[in-house]
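Notes to accompany the following structure.
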Amino acid sequence: MKIIGTGSALPSLSVTNDMLAQFLDTSDDWIRARTGIAQRRILSTESLIDLAVKSAKQAILDAGMEAKDIDFLFCSNVVNNYVTPALSCIIQGEIEATCPCIDLNGACSGFIYALDMAEAYLATGRAKNILIVCAEEPSRIVDWTERNTSILFGDGAAAVVLTAEGDSLKSMHLSTSSKLEPLYYQRKLEYNPYVNKKEEGAPLVMNGKDVYKLAVSASLSDIKTVLNKANIKADEVDFYLLHQANIRIIETIRQNLNQQEDKFPHNIEYYGNTSSASIPILLDEMSRSNKLNNGDLLVFSAFGAGFTTGACVLIWSKDKKKKYD
């Protein structure tokens, strides 16, 4: 398996911390100090489908393919306007692909879970080319009158095309520890005359301290596990691409691994937490700015509600393009 195409798309509206301070009891300094976030992109005039389709088309074009060449489509998504059909089905129709497709919800770890599922299809010969799209709009599940969660998130989408030709993936590790209380979003369902229990719905609930502890410990454990599996030392890794949830989490993991700052690229200051789209957005930006060289060792690590976590080691072997539009 190897990645041969990347793409990403973000909403046009950029919401700064100062803009939030107009209706929330917060400030730019308060938000930056606790999260590292300066602004985030929020869906306003566009739809999540628009972003998902744009990122998918970019990735397919970057791979030098057409939609008809895709054998399977995985879409990582937590929430969107459609409960059914799956968002992947809508994307498939919009890009004029003909492959089977399915959604998965691994929360912020969804991209790595999708990579693992795709690798299984590629390794067994059931597919040759797979498209993964991560499309997220967490801005629609937070309480915008409450600062502790609403300041953290941004919307976005990103995609990668994978091919069976190549052996870039060196190790993979997934884990789940069932913990509801630290982070959850509960949606109230439609009225049913036979339901005789009280039903509730609520915006996203997050215990920041618990999430911080879980994220740091799980990510460090996962990274050490995949490095050991690949027989690679931490110092040999060129870049660690971590889920962009909080700059404090990223920094704590970096310091625990005793690695230099430039090995941990980040864009959380511009986009906030875009859930499962955060790693592929960062990957696409690095690819398009030619910051990645063939042979670079990359580690991906993500963590999210569930509590789900995942990490992998891969060798970057995508051909550089002379020019991106």
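The values are calculated or read from the model by the stated rules, or taken from the named source; none is laboratory data. Not measured: the values here are computed from a predicted model. When we count neighbours, we look across all protein chains shown, and the Cβ atoms used for this are built from the backbone with ideal geometry, even at glycine. Each accessible area value is taken on the protein alone, full model and side chains, heavy atoms only, with ligands, DNA and RNA left out. Shrake-Rupley method; radii C 1.70, N 1.55, O 1.52, S 1.80 Å.
Residues are listed down the side, and each one gets a yes or a no for (1) assigned to a helix (DSSP H, G or I); (2) closer than 24 Å to Ser177 by Cβ; (3) among the charged types (D, E, K, R); (4) in contact with a helix residue (DSSP H, G or I) (Cβ under 7 Å, 6 or more places away or on another chain):
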site: Glu199; (1), (2), (3), (4): no, no, yes, no
site: Ser219; (1), (2), (3), (4): yes, yes, no, yes
site: Ile232; (1), (2), (3), (4): no, no, no, no
site: Asn256; (1), (2), (3), (4): yes, yes, no, yes
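Condition check: open to solvent by 60 Å² or more (accessible area, probe 1.4 Å), of a type outside the set (Phe, Trp, Tyr) and without any contact (Cβ under 8 Å) to a residue 12 or more places away in the chain. Does Lys213 satisfy that?
Yes: the conditions hold for Lys213.
Residue check: is Glu269 open to solvent by 10 Å² or more (accessible area, probe 1.4 Å), in contact (Cβ under 8 Å) with a residue 40 or more places away in the chain, assigned to a helix (DSSP H, G or I) and under 21 Å from Lys2 (Cα atoms)?
no
Please give the number of the condition Thr26 fails out of (1) assigned to a strand (DSSP E or B); (2) farther than 24 Å from Ala164 by Cβ; (3) hydroxyl-bearing (Ser, Thr, Tyr).
It fails just one condition, (1).
If Ile279 meets every condition in (1) free of Cβ contacts under 8 Å to residues at least 24 places away in the same chain; (2) in contact with a Phe, Trp or Tyr (Cβ under 9 Å, 6 or more places away or on another chain) apart from one, which number is that one?
The number of the failed condition is (1).
In segment 31-46, what residues are over 17 Å from the mean Cα position of the chain (by Cα) and either crowded, with 16+ Cβ neighbours inside 10 Å or among the acidic types (Asp, Glu) (or both)?
The answer is Ile31, Arg34, Thr35, Gly36, Ala38, Gln39, Glu46.
Scan segment 63-85 for residues that are farther than 24 Å from Pro203 by Cβ and either assigned to a strand (DSSP E or B) or under 19 Å from the mean Cα position of the chain (by Cα) (or both) and jot them down.
Phe72, Leu73, Phe74, listed by residue number.
Yes or no: Ala230 touching a residue at least 12 places away in the same chain (Cβ under 8 Å), touching a Lys or Arg at 6+ places or on another chain (Cβ under 6 Å) and either under 26 Å from Ser150 (Cβ atoms) or buried (at least 17 other Cβ atoms within 10 Å of the Cβ) (or both)?
yes
Quick check on Ile95: is it crowded, with 24+ Cβ neighbours inside 10 Å and farther than 21 Å from Leu314 by Cα?
Considered against the rule, which asks whether it is crowded, with 24+ Cβ neighbours inside 10 Å and farther than 21 Å from Leu314 by Cα, Ile95 comes out as no.
Being farther than 19 Å from Asn246 by Cα, crowded, with 16+ Cβ neighbours inside 10 Å and in contact with a Cys (Cβ under 9 Å, 6 or more places away or on another chain) narrows it down to one residue among Ala157, Ala135, Ala164; which is it?
Sole residue among the options that is farther than 19 Å from Asn246 by Cα, crowded, with 16+ Cβ neighbours inside 10 Å and in contact with a Cys (Cβ under 9 Å, 6 or more places away or on another chain): Ala135.
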